[in-house]
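Peer 1: Please find one structure pasted underneath; my questions will follow.
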Amino acid sequence: MSTTISSNRPGGGIKWRWPSIHPEGRKFVLIAGIITLCFWLLGLPIIGWLMLGITIWVAAFFRDPVRVTPTGSDVVIAPADGLVTQIAEVPPPPEIAGPDGLNDPLMLRVSIFMSVFDVHINRTPVAGTLRKLVYLPGKFLNADLDKASEENERQHFVVERADGVRIGFTQIAGLVARRILPFVSMGAELSTGQRVGLIRFGSRVDVYLPAGTTPQILLGQRALAGETVIARIGKAEVLDGIGQ
C-alpha cells in the first residue's frame with residue numbers, strides 16, 4: 001500500500017485516520033475477541049474486561065499506519081519504529097559479509113529497539129534489489145543486549161541500490177518475540193520504505209551503513225519506520241545533541 005503525497009497542494013492537507021491492522025495480525029485479534037466474548041457470556045466480567053484490554057493491545061500491536069517516506073537518492077530510512085540504543089563501528093555479520101554481501105571490513109551499526117508498544121512492521125531503508133535474505137535460529141535474549149546481534153534468532157537482509165551501494169539490516173527476536181516473518185523474497189525489487197516483514201512481540205532491528213556514511217540520528221532518539229532519515233549516503237556530517 002503506497003500513497004503519493006504532495007506538499008505543494010494549494011489549500012491541501014492530510015487528515016488523520018485510524019491505522020489499519022496488518023493481515024498477519026487479524027487472526028490474533030479475532031482469537032482474543034472470541035475469548036473475551038466467551039468470558040462475558042460465562043458471567044465473568046472481571047476477566048472479560050481484562051481480555052478486552054488484551055484484545056485492544058493485540059490490535060494496537062499489529063497496527064500498520066501509513067508512513068510518508070522521503071525520496072532523496074542519498075537517504076537511508078529507519079527500518080523500524082523504536083529507540084536508537086546503539087551506534088557502533090563493527091564488522092558486518094559473517095552470514096552476510098564478503099563479496100556477495102556487505103564487503104566492508106567495518107560498518108556503522110545503528111540499533112533500533114522496539115518495545116511491545118511500538119509498530120512492528122519493518123521496512124527497507126533503501127530502494128534496490130534484495131541480494132541476500134538469511135534466517136538464523138537462535139536464543140531469545142533481551143534484544144537490547146549487544147550479544148543479541150550474534151546469539152538471538154534473527155533474519156538478515158542485504159539490499160543493493162542501483163549505484164551498487166549495499167545496505168544491510170537485521171531483524172532480531174527478543175525476550176518475548178517468537179516469530180520473524182518476511183514479506184519479500186530473494187531478488188525482489190524494493191522501493192524505499194516498502195514493508196518487508198515483522199517480528200512478533202518486542203525486538204530490535206540493526207542497520208549496517210557503508211563506509212563513509214555518518215548517521216543523521218542520535219542515541220536516545222526515537223525513529224519511525226519508513227519516515228525517519230537515519231543517514232545520508234556519502235555524507236560525513238557528525239551530529240551532536242542534548243537530552244532535555
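The values are calculated or read from the model by the stated rules, or taken from the named source; none is laboratory data. Quantities reported herein were computed from a predicted structural model and do not represent experimental measurements. We place every Cβ from the backbone using ideal geometry, glycine too, and count neighbours over all the protein chains shown. When the accessible area is computed, the model is the full protein with side chains, heavy atoms only, and any ligands, DNA or RNA have been set aside. Shrake-Rupley method; radii C 1.70, N 1.55, O 1.52, S 1.80 Å.
Peer 1: In sequence order, what are the phi-derived ³J(HN,Hα) couplings for the range 38-51 according to the Karplus relation 6.51 cos²θ - 1.76 cosθ + 1.60 with θ = phi - 60°, rounded to whole Hz, with x for glycine and proline?
Peer 2: 4, 5, 5, 5, 7, x, 10, x, 5, 5, x, 5, 4, 5
Peer 1: If you don't mind, there's one more thing I want to ask. Which whole-Hz ³J(HN,Hα) couplings does the range 72-89 yield from phi under the Karplus relation 6.51 cos²θ - 1.76 cosθ + 1.60, θ = phi - 60°, glycine and proline marked x?
Peer 2: Whole-Hz 3J(HN,Hα) from phi for the range 72-89: x, 6, 9, 8, 10, 9, 4, x, 8, 6, x, 9, 6, 9, 8, 9, 8, 8.
Peer 1: Give a residue-ordered list of calculated ³J(HN,Hα) values for the range 92-98 (Karplus: 6.51 cos²θ - 1.76 cosθ + 1.60, θ = phi - 60°; whole Hz; x for Gly, Pro).
Peer 2: Each residue's phi maps through the Karplus curve to give x, x, x, 5, 10, 8, x Hz.
Peer 1: Skipping prolines and chain starts, which residues have an amide H placed within reach, meaning under 5 Å, of the one on LYS132, given they are 5 or more residues away or on another chain?
Peer 2: Close amide H contacts, sequence-distant or interchain: VAL158.
Peer 1: Between VAL90 and PHE117, what FRET efficiency follows from the Cβ-Cβ distance if R0 is 30 Å, with the result rounded to 0.05?
Peer 2: With R0 = 30 Å, the Cβ-Cβ based efficiency is 0.60.
Peer 1: Near the amide H of MET107, under 5 Å away, which other amide H atoms are found, from residues 5 or more places off or on another chain, if H is placed in the peptide plane?
Peer 2: VAL90
Peer 1: With a 1.4 Å probe and all protein chains in place, put PHE117, PHE183 in order of accessible area, largest first.
Peer 2: So, going from the largest accessible area down, we get PHE117, PHE183.
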